[in-house]
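Okay, structure first, notes after.
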Amino acid sequence: MARKLLTLTSDFGTSDYYVAAIKGYLYSNVEDITIVDVSHELTAFDVTEAAYLLQSCYKEFPEGTIHIVGVDSEPVINFGPNNGSFPSLLIIDGHYFLSNDNGFFGTFIGERRDFEFYRLDHILSNPKAFQFPTKNILCKAAIELMSGKAISELASPETSFKTALSPLPILENKLIKGHVLHIDSYGNAITNIKRELFEKEGKDAQYTIFFRSKSYYIDEISPTYNAVPPGERVAIFNENGYLEIAINRAASNGTGGANKLFGLNKGDLIRIEFTAPGSHNTLNELF
């Protein structure tokens, strides 16, 4: 915890004062801190999107980095222990994640069990903190951690956490059904289908990737965007192993990316059909 490095991820946007207030509070209370913005343009309250973005980049930061997730961060403490949501701390891979336990942690962790998890119960005694919990609860906890305060003075160990409703890909006979997880700033549609699953299910098989309707499909996964001419549809596995549907350089000519030209939105169905080598794919309807 010697290095004072912190990332911010939120759905606050940049047209209001919220991000500036958070940074000012941190700079006023921690000397020589470095603050990195992951994104402040997340869909409001979408903790699955926050989990995806942080899964994609946190390992690029050195161990000891603190990651604050200001998405749906207001605690809910009046509905009982099973229905409430509490500010919490996750330690995994030497990184510290501070968020409300609103489904972010369970989605971020997935099936892993090599972590520590704590409830920030000592801060809940200040009701005024709930008015801006990302600053007054999560950032306050980060400041205390960076000051050298022991975790036992801030939080108590916890064994359970929530998981957001984020459907996993569905496997059927010669078929993977996934969905669009995120639309990036280029209009590329990132899906929840990972390379490992694709290669396991479709080894040595021909395939067709369908989206929106039977008229929208791709039957080849390219190594890079530029493997196809500008303006052509393309499917790739990105650096983090997620399948993307894109249009090469579409964003640069003002026509918009795959989201606009194909009408792809978060949550839309993506379907991969596998066929034996040499057989004919029937281009079935999506729905």
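The values are calculated or read from the model by the stated rules, or taken from the named source; none is laboratory data. From a predicted model like this one, the values you see are computed outputs, not experimental measurements. Counting neighbours? That spans all protein chains shown, and the Cβs are built from the backbone with ideal geometry, glycine included.
Couple of notes before you dig in:
- Residue list for region 112-127, restricted to those being of a type in the set (Asp, Glu) and modelled with pLDDT under 85: ASP121
- Residue that is without any contact (Cβ under 8 Å) to a residue 40 or more places away in the chain and at positive phi, where the choices are GLY103, GLY148, GLY84, GLY110: GLY110
- Sole residue being farther than 29 Å from ILE190 by Cα and in contact with a Ser or Thr (Cβ under 7 Å, 6 or more places away or on another chain), chosen from ILE22, ILE77: ILE22
- Selection status of LYS162, touching a helix residue (DSSP H, G or I) at 6+ places or on another chain (Cβ under 9 Å), surrounded by fewer than 22 Cβ atoms within 10 Å (Cβ to Cβ), more than 25 Å from PHE211 (Cα to Cα) and touching a residue at least 60 places away in the same chain (Cβ under 8 Å): yes
- Qualifying positions in region 212-229 - modelled with pLDDT under 90 and either surrounded by fewer than 16 Cβ atoms within 10 Å (Cβ to Cβ) or closer than 21 Å to GLY241 by Cβ (or both): SER213, LYS214, SER215
- Failed item, numbered, when THR34 is tested on (1) surrounded by 14 or more Cβ atoms within 10 Å (Cβ to Cβ); (2) under 20 Å from GLU144 (Cα atoms): (1)
- Pick from region 57-87, criterion under 17 Å from SER10 (Cβ atoms) and at pLDDT below 95, ranking: surrounded by the most Cβ atoms within 10 Å (Cβ to Cβ): PRO87
- Within region 235-250, at least one residue is buried (at least 19 other Cβ atoms within 10 Å of the Cβ), of a type in the set (A, V, I, L, M, F, W, C) and modelled with pLDDT under 90.
- In region 15-33, residue nearest to LEU138 (Cα to Cα) [restricted to those that are touching a helix residue (DSSP H, G or I) at 6+ places or on another chain (Cβ under 9 Å) and hydroxyl-bearing (Ser, Thr, Tyr)]: TYR25
- Matching entry among VAL234, VAL180 (being closer than 29 Å to VAL38 by Cβ, free of Cβ contacts under 8 Å to residues at least 24 places away in the same chain and under 23 Å from the mean Cα position of the chain (by Cα)): VAL234
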